[in-house]
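Working notes for the structure below.
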Ligand SMILES: *Cc1c(COP(=O)(O)O)cnc(C)c1O
């Protein structure tokens with residue numbers, strides 16, 4: 001039996017091979033073009049990143065690390081991964097970087113494997129206060145295999161450092177985690193370092209949501225304080241979906257590398273590592289500092305516009321790309337608000353707020369982020385406008401009929417995004 005690939009196998013387009021998937025991909029690009037993306041965990045990658053992701057590097061399988069692979073033919077793969085590592089170290093002033101984690105959760109899991117044994121205690125931010133699933137939620141492996149203790153936030157939404165310190169002293173964790181998914185303020189890394197030192201714990205800072213601000217110099221740098229820092233590359237860092245592990249010093253390199261491979265992962269997703277290298281190079285350019293400054297200014301402009309309109313923004317503002325709105329004073333749920341905003345092409349996600357009594361599918365809050373809008377060029381006046389459009393819709397919902405407000409917001413969004421084209 002012999003096999004000859006069809007003429008199209010190496011040359012046929014997606015549209016010719018699989019029109020259904022091609023149509024869905026095309027429609028998704030249009031959706032991104034026609035709306036304002038306010039989901040805090042999203043961004044818009046460069047054309048160069050898309051190209052890196054779609055190359056035949058996807059065919060190459062390697063395990064291990066550059067110079068010490070388990071498969072041959074790894075010369076170019078090594079070049080890609082080495083460049084990604086060097087760029088990550090340069091960008092964050094790190095002595096150690098691992099660019100292999102398939103996601104932020106995988107990066108955290110590897111850190112747990114490196115530092116902990118099943119049953120060990122970990123102190124992290126409560127999911128309900130803005131923490132992340134991978135920091136010990138009951139349904140996550142971290143919550144099932146570790147003894148998780150949480151700290152939370154006060155009534156205004158600010159991290160409760162006294163509670164954090166008290167919990168550390170009571171539970172004497174092996175690891176303390178700082179950072180979350182829906183906490184809008186800068187974290188006091190020195191307070192966490194103190195608490196960790198007082199009880200002999202290691203400190204992990206998870207900067208998934210503000211890694212780009214750290215890279216751009218507009219957010220305090222966790223590396224001098226943390227034993228290990230994890231990040232995602234696809235949120236505020238404006239790159240491919242994936243994770244990173246960093247440390248100021250190289251002394252944990254063997255332990256952390258072994259925890260990623262063979263600890264929690266097998267072969268490397270090399271096209272993703274190539275794309276990470278691209279995003280890290282982009283983040284090393286002076287232009288990225290402007291981007292980071294603009295993200296923060298834009299998030300603050302949107303928060304200020306909402307506050308001005310009487311919307312309950314937790315903590316009254318933000319030090320990060322994200323902001324969290326408490327909808328309880330309006331009598332509107334997170335799910336209803338995100339559905340109605342979606343109809344106006346303003347995409348955000350429902351999110352629990354501290355003390356929320358609604359289930360996770362409903363919630364009483366909304367989370368917004370400025371990373372993606374800023375990537376297409378929107379400025380402070382645009383984000384103030386967006387804040388006002390969101391306020392128009394939410395206030396109309398609270399008074400019972402949002403139809404007119406949604407119609408007006410949708411046409412204002414259409415005018416706005418027409419001025420900021422993407423993927424031309
Ligand atoms: C988004 C996020 C992650 C990673 O999520 P993945 O979906 O696994 O990439 C990890 N930690 C925090 C705090 C996050 O916000």
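The values are calculated or read from the model by the stated rules, or taken from the named source; none is laboratory data. From a predicted model like this one, the values you see are computed outputs, not experimental measurements. We place every Cβ from the backbone using ideal geometry, glycine too, and count neighbours over all the protein chains shown.
A quick yes/no check of all residues on (1) away from the ligand (no atom under 14 Å from the Cβ); (2) assigned to a helix (DSSP H, G or I); (3) modelled with pLDDT under 95; (4) at positive phi:
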| site | (1), (2), (3), (4) |
| --- | --- |
| 131 | no, no, yes, no |
| 134 | no, yes, no, no |
| 144 | yes, yes, no, no |
| 148 | yes, no, no, no |
| 156 | yes, no, yes, no |
| 162 | yes, yes, no, no |
| 167 | yes, yes, no, no |
| 173 | yes, no, no, no |
| 177 | no, no, no, no |
Problem - Which numbered condition residue 190 fails, given (1) within 16 Å of the ligand (Cβ to nearest atom); (2) surrounded by fewer than 23 Cβ atoms within 10 Å (Cβ to Cβ); (3) under 18 Å from residue 219 (Cα atoms) - result: (1)
Exercise for the section: Could you look through segment 200-217, keep only residues that are within 10 Å of the ligand (Cβ to nearest atom), assigned to a loop (DSSP other than H, G, I, E, B) and touching a helix residue (DSSP H, G or I) at 6+ places or on another chain (Cβ under 8 Å), and pick out the one that is nearest to residue 171 (Cα to Cα)? Expected result: 207
Handout entry: Unmet criterion (only one of (1) free of Cβ contacts under 8 Å to residues at least 60 places away in the same chain; (2) within 16 Å of the ligand (Cβ to nearest atom); (3) within 30 Å of residue 280 (Cβ to Cβ)) for residue 225
Key = (2)
Fill in the blank from the handout: Filtering segment 380-421 down to residues that are surrounded by 15 or more Cβ atoms within 10 Å (Cβ to Cβ) and not in a helix (DSSP H, G or I) yields 402, 420
Practice task
Could you tell me whether any residue of segment 256-278 is within 18 Å of the chain's Cα centre (by Cα), at pLDDT 95 or above and surrounded by fewer than 16 Cβ atoms within 10 Å (Cβ to Cβ)?
Solution key: no
Handout entry: Pair list, Cβ under 6 Å, 6 or more apart: segment 89-118 residue on the phi > 0 side of the Ramachandran plot, other residue within 15 Å of the ligand (Cβ to nearest atom) and modelled with pLDDT of 95 or more
Key = none
Exercise for the section: Kindly list the number of the only condition in (1) in a loop (DSSP other than H, G, I, E, B); (2) touching a helix residue (DSSP H, G or I) at 6+ places or on another chain (Cβ under 8 Å); (3) free of Cβ contacts under 8 Å to residues at least 60 places away in the same chain that fails for residue 187. Expected result: (2)
Problem - Those residues of segment 110-129 which are part of a helix (DSSP H, G or I) and either within 16 Å of the chain's Cα centre (by Cα) or at pLDDT below 95 (or both), in sequence order - result: 127, 128, 129
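On the phi < 0 side of the Ramachandran plot and in contact with a strand residue (DSSP E or B) (Cβ under 9 Å, 6 or more places away or on another chain): which single residue out of 268, 264 fits that description?
Being on the phi < 0 side of the Ramachandran plot and in contact with a strand residue (DSSP E or B) (Cβ under 9 Å, 6 or more places away or on another chain) holds for just one of 268, 264, which is 268.
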Practice task
Determine if segment 271-292 includes at least one residue that is more than 24 Å from residue 43 (Cα to Cα) and touching a helix residue (DSSP H, G or I) at 6+ places or on another chain (Cβ under 9 Å).
Solution key: no
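Going by the conditions given, is residue 220 at pLDDT 95 or above, away from the ligand (no atom under 12 Å from the Cβ), assigned to a loop (DSSP other than H, G, I, E, B) and more than 15 Å from residue 124 (Cβ to Cβ)?
On the way: at pLDDT 95 or above: yes; away from the ligand (no atom under 12 Å from the Cβ): yes; assigned to a loop (DSSP other than H, G, I, E, B): yes; more than 15 Å from residue 124 (Cβ to Cβ): yes.
Here the answer is yes, as residue 220 does meet what is asked.
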